[in-house]
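Encoded as structure tokens, the structure appears first; notes follow it.
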Amino acid sequence: MSGGTSLYQAVILDHNRQPRNFRPLPAAASQAVAHNPLCGDTVEIGVVVRDGEVSEISFQGESCAVATASASLLTETLQGRGVPAALSLCDQYVAALAGTADPPELPDALRPLLTVRRFPGREQCAALPVQAIRAALRRFSGAD
């Protein structure tokens with residue numbers, strides 16, 4: 001394994017063992033759940049949006065190491081971003097996971113998760129939190 005891959009794997013393992021923002025969010029203005037019936041992973045996202053910005057975001061659920069690390073890294077990365085920017089970043093991340101794009105503007109914090117592209121089927125695990133994030137933010141996006 002190359003040094004970069006080892007570092008990325010260490011980041012994923014760290015966020016699985018000690019996930020950031022893994023907690024209930026009683027003040028959540030919106031919550032959404034994503035479930036992968038193939039593997040049983042479930043991720044629930046809670047968000048607080050103030051002045052069009054993600055001021056708080058957390059997650060709960062039972063999921064594999066990849067989905068947990070993804071939710072942890074995404075919640076850290078999205079906090080403080082405007083809702084349109086957060087949704088755009090989610091789109092970029094999913095495209096990068098699918099291998100259809102490798103957007104240069106993808107934050108370095110999310111790049112360790114791109115290693116799952118080498119493991120067919122694991123992209124779904126890394127993308128699962130995005131489903132819940134999109135659903136939770138939809139009411140603030142002006143799309144409804």
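Things worth noting here:
- Top-ranked residue in the stretch 52-107 [being hydrophobic (A, V, I, L, M, F, W, C) and touching a His at 6+ places or on another chain (Cβ under 9 Å); ranked as nearest to Gln131 (Cα to Cα)]: Ala71
- In this structure, Asp108 does not qualify as surrounded by fewer than 15 Cβ atoms within 10 Å (Cβ to Cβ), touching a helix residue (DSSP H, G or I) at 6+ places or on another chain (Cβ under 9 Å) and over 14 Å from Ala34 (Cβ atoms).
- Residue under evaluation Thr42, criteria (1) touching a strand residue (DSSP E or B) at 6+ places or on another chain (Cβ under 6 Å); (2) within 26 Å of Gly142 (Cα to Cα), criterion not met: (2)
- Qualifying residue in the stretch 118-127 (condition: crowded, with 20+ Cβ neighbours inside 10 Å, part of a helix (DSSP H, G or I) and touching a strand residue (DSSP E or B) at 6+ places or on another chain (Cβ under 8 Å)): no
- Residue tally, condition under 17 Å from the mean Cα position of the chain (by Cα) and within 15 Å of Thr68 (Cα to Cα), over the stretch 28-39: 4
- Hits in the stretch 128-140 (condition: under 15 Å from Ala65 (Cβ atoms) and either of a type in the set (S, T, N, Q) or assigned to a loop (DSSP other than H, G, I, E, B) (or both)): none
- Residue among Val33, Val49, Val54, Val83 that alone is surrounded by fewer than 17 Cβ atoms within 10 Å (Cβ to Cβ) and among the β-branched types (Val, Ile, Thr): Val33
- Any hit, the stretch 47-58, residues being within 22 Å of Pro24 (Cα to Cα), in contact with a Ser or Thr (Cβ under 6 Å, 6 or more places away or on another chain) and in contact (Cβ under 8 Å) with a residue 24 or more places away in the chain: yes
Computed from the coordinates by the stated procedures, all read-outs in this text should not be read as laboratory data. Only a predicted model underlies this, so the values are computations on that prediction, with no experimental measurement involved. Glycine gets a Cβ as well: all are built from the backbone with ideal geometry, and neighbour counts include every protein chain shown.
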